[in-house]
Structure formats: structure tokens, C-alpha cells
Amino acid sequence: AMGHPIVAAGKGKNNPLNIDATPPAYEEEARRRHMNVRMLVEFVDGSKTMVEMAAIANATGLVPDKAGMHGPAATLGELNKVLVPQKDGGVLSRVGVVDYSIGKGVAPGVFVVADMSHPRISERMEDLKMGKGPYFTFHRPYHLTSLEVPLTCARVVLYGKADMVPLAKPVAEVAAVAKKDMQPGEKLDAIGEYCYRAWIMTAPEAHAVRAIPCGLLQGGSVTAPIKKGELITYANAAPAPGSKIAELRARQDKLVYGTVEA
């Protein structure tokens, strides 16, 4: 709304990151928090963060700077020093990205780092105790998903007003990487379980390597050996035969790209 270039937008990760998380280790915590253990695991292993940031990317045009994002341990006060271009001491190879932080003071909030390098604007922002320029962090210290989503749904139905609208063509994809070694013939379970975790990529990168969208994997099968940490692609796995969601995704791809992955 203020018109300043966005360098990075993202969130603080709520649950400590453990990319190897599986349900048995989190059953007690899930019971204590009145949660489905699979949902908790997809939070912990980073899958939900990948999905959320892809949603932001595909509504704004912001992109992950690299596959999986950086996810630095930057505190709230460090975001405008870390999630900035490398030429200015940060980690980014470009501006206009989505990312997340595991640093103190960011979660459960969301943030935007903006370029406000005009001397007069930087001076005013510093005088207003917004930190040290030329990059400044705007931070909302909460996100209340379970309360905000129903309100969004109500606005859409009652007033025809959307809070977020996807671009005509996606800029990011949610692929998946293996959480363990897998052999041909193995069946793929669900997100938040044992086989894989979500992994954000730019859409061109995902298409170039023929990555299977994470949402198509449940019930699918391994067709070639996959090592832990490897990307799951159409070269080593396949969605379940007759999968309705895979059929719908194929129709979407044909509309958007004119071709269908297989």
C-alpha cells in the first residue's frame, strides 16, 4: 500500500524445524495440543511453510530465491540485514522473494522487508524507531489461521471479495523431497508421515526437472530408487492410477502450459 519495493515477504516458523520428523516422535505433543499428529508433523518438517509461501508467491509474483528457501535463523531485528541482497551483506541473490525465518521473535508473526532507500524516507523511518535503513521490516506478530480463514470464506460468499487471488500463471510449485531411502514398488504415504516432505521451487525449475506436485503423491508409488533428500519426480515415482486430483492437475496444466507432465 505504501508503494515501496518488496525485498522479501514471509513468516516466522512456529514449530522448531526437524526435517526428519515422523509421527511416533510427536504423538504425545499432538495429544497435548489437541492436534492430529500428521498435521503436527507437516508443521515440524517444514511442509506447511513451503505450501504457505507458494500460496503467497502465486498470488503476488514473489518467488523463492532458491529451492526450499533460505530459512535463516534471523531474529526479528536481523531480518532487514539477512533477507536482503548479497551485495548488502544478506543472503539473497535477487529481490522480490518469499522466505521464512527460524530466528527468535519472528514466529508466530508474518513480515515484509521493504527497500526504502530514498534518503529522506530512510531518515524518517529511522527517526520513527523502525530500525536502520535502507531496508526496513514490517512485522505483524501473529497469524490466526483458524479464526481468519472462516472470515475470508464469509467475505467471498457474502460480498464476493477475495483476500488473495492467484495469478493467471503460477510462479512457484510445491514439490517434495524424500525423508528416507525408497525402492521401486513402495507406496507413498501422506504429507506429514514417513516418505516425503514438501519442497518449494520456482515453477520453471520444477517443470525443468519434472517434479511431481506434492499434493499428487499420496497413494502413488516409487518407480526407481530414491535416496533420502532427493527430489521426487516423474522419473522415479508416479501418482496413483485413476487419481482424481492428478486428473484435475493435468487439466490445469494443459490450460496453463498447453502440455501435461507424465
**OP:** Calculate, in whole percent, how much of the Cα-Cα pair population of the range 189-262 lies beyond 16 Å.
**Re:** 48
Original post:
By counting other Cβ atoms within 10 Å of each Cβ, how are Tyr142, Tyr26, Tyr135, Tyr257 ranked from fewest to most?
Top reply: Tyr142, Tyr257, Tyr26, Tyr135
Subject >> Per-residue ³J(HN,Hα) for the range 198-212, Karplus 6.51 cos²θ - 1.76 cosθ + 1.60, θ = phi - 60°, Hz, x for Gly and Pro >> reply: 5, 8, 6, 9, 5, 4, x, 5, 4, 5, 5, 9, 6, 5, 7
Original post:
Which ³J(HN,Hα) values, rounded to whole Hz and listed in residue order, are derived for the range 250-259 from phi using the Karplus coefficients 6.51, -1.76 and 1.60 in 6.51 cos²θ - 1.76 cosθ + 1.60 with θ = phi - 60°, glycine and proline given as x?
Top reply: 4, 5, 4, 4, 5, 5, 7, 10, x, 9
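Quote the relative contact order of the chain in percent (integer), defining contacts as alpha-carbon pairs under 8 Å separated by 6+ residues.
Relative contact order of the chain: 20 percent.
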**OP:** Read phi for every residue in the range 168-174 and hand back ³J(HN,Hα) as whole Hz from Karplus 6.51 cos²θ - 1.76 cosθ + 1.60, θ = phi - 60°, with x for Gly and Pro.
**Re:** 5, 9, x, 10, 9, 10, 9
Original post:
Using alpha carbon centroids, what distance separates the range 2-60 and the range 96-161, in Å?
Top reply: 17
Original post:
Not counting the cut sites, what is the longest span of the chain without trypsin sites (Lys or Arg not before Pro) that DSSP labels loop and that have at most 15 other Cβ atoms within 10 Å?
Top reply: 34-93
Original post:
Per 10 Å bin, what is the whole-percent P(r) computed from every C-alpha pair distance within the chain?
Top reply: 7, 26, 33, 24, 8, 2, 0
**OP:** Relative to the longest principal axis of the C-alpha atoms of the chain, give the angle of the C-alpha long axis of helix 47-60, reported between 0 and 90° and rounded to the nearest 10°.
**Re:** 60
Original post:
Cα axis of helix 145-159 to longest principal axis of the chain: angle in degrees, 0 to 90, nearest 10?
Top reply: 90
Original post:
Say we join alpha carbon atoms closer than 10 Å with springs in a Gaussian network model of the chain; which of Asp88, Asp99, Asp20 then has the biggest fluctuation?
Top reply: Asp88
Original post:
Looking at the range 6-146, what % of the alpha carbon pairs are farther apart than 21 Å?
Top reply: 45
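FYI, it's all coordinate maths here, none of it is from the lab. Keep in mind that what you see is a predicted model, and the values were worked out from it rather than measured. Virtual Cβ from ideal backbone geometry, glycine too; neighbours counted across all protein chains shown.
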